[in-house]
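Since every read-out is calculated from the coordinates, none of them should be taken as a lab result. Treat the numbers as computed from the prediction; the structure is a model and nothing was measured. With ideal geometry, Cβ positions are generated from the backbone for all residues, glycine too; neighbour counts draw on all protein chains shown.
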There are 2 protein chains.
Amino acid sequence: MSKSELPVIGQDDQTECCAPMVREPLGEEVAADLARMFKALSDPVRLRLLSLIASYEGGEACVCDLTGPFDVSQPTISHHLKVLREAGLVGSERRGTWVYYWVVPAALARLSSLLQAPSESVPVGAAT
Amino acid sequence: MSKSELPVIGQDDQTECCAPMVREPLGEEVAADLARMFKALSDPVRLRLLSLIASYEGGEACVCDLTGPFDVSQPTISHHLKVLREAGLVGSERRGTWVYYWVVPAALARLSSLLQAPSESVPVGAAT
């Protein structure tokens, strides 16, 4: 079977946004884009940073609050925040002395939808 | 504030399974475990392999069907499949000549739930 016979997500339209990857094979470009986002999540400190930012009241956190909980240096935290920002997972803004970070809900929602398991994405038609 | 004052997911119970990471800060051990799973997803070929396996009729694919769509060698595909299997994202079984692969729905569901965005994880209480 040639590649062109397979229905591929995200070649000609925007359906790749939120379709579960278990339903149709991912296209190359979409996979490369998503792999970059997952790479940003592939570090424990970055995962904890993202979780910590999102858990703050109001959904945003001052960088001044993000170093304390970790046994790594401020420059390392800054590097991890940069990776998360470049992956589109967090946004940031400087206000006076400090930079504030928040999660980007659409980015998390995209990955969450993509990973929906078969049992979640397939309608239950046949009751047993 | 000391670390112990923060409510941390997955320290003493199994609630880390499916709780969105945007609700409470992730604990160190859970974050390390999840980071390994996301690392397995951080490669475009592995993402496409996982998607391809899940998209096969019946939800499983013979390794003999998984090389064709990729411009990489059979040993490279085997390596990527091993990474996916060790991360708990796919299962496999040899039947006769070939090894068959399937996705592990619980693993995808765990990551999907974890990434639920703030707007998805907060009940909509106030209609406008």
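For A:K82 and B:C64, FRET efficiency with R0 = 41 Å and r from the beta-carbon atoms, rounded to 0.05?
On the way: r = 43 Å, r/R0 = 1.04.
Computed FRET efficiency for B:C64 and A:K82: 0.45.
Taking the Cα centre of the range A:26-116 as the origin, how large is its charge dipole in debye, to the nearest 20, when only Lys and Arg (+1) and Asp and Glu (-1) carry charge on their Cβ atoms? Can you show the working numbers first?
Details: 9 positive and 10 negative charges, 20 e Å.
Its charge dipole is roughly 100 debye.
Grab the Cα-Cα distance for A:T97 and A:R23, subtract it from 0.36 nm times how many residues apart they are, and report the gain in nm with one decimal. Write down the numbers at each step before the final one.
Working: separation 74, 0.36 × 74 = 26.64 nm, distance 4.71 nm.
Between A:T97 and A:R23, full extension yields an extra 21.9 nm.
Give the Kirkwood hydrodynamic radius (Å, one decimal) of the range B:26-116, defined as one over the mean of 1/r across all pairs of different Cα atoms. Show your work: numbers first, answer last.
Numbers: mean 1/r = 0.0733 Å⁻¹.
The Cα-based Kirkwood calculation yields 13.6 Å.
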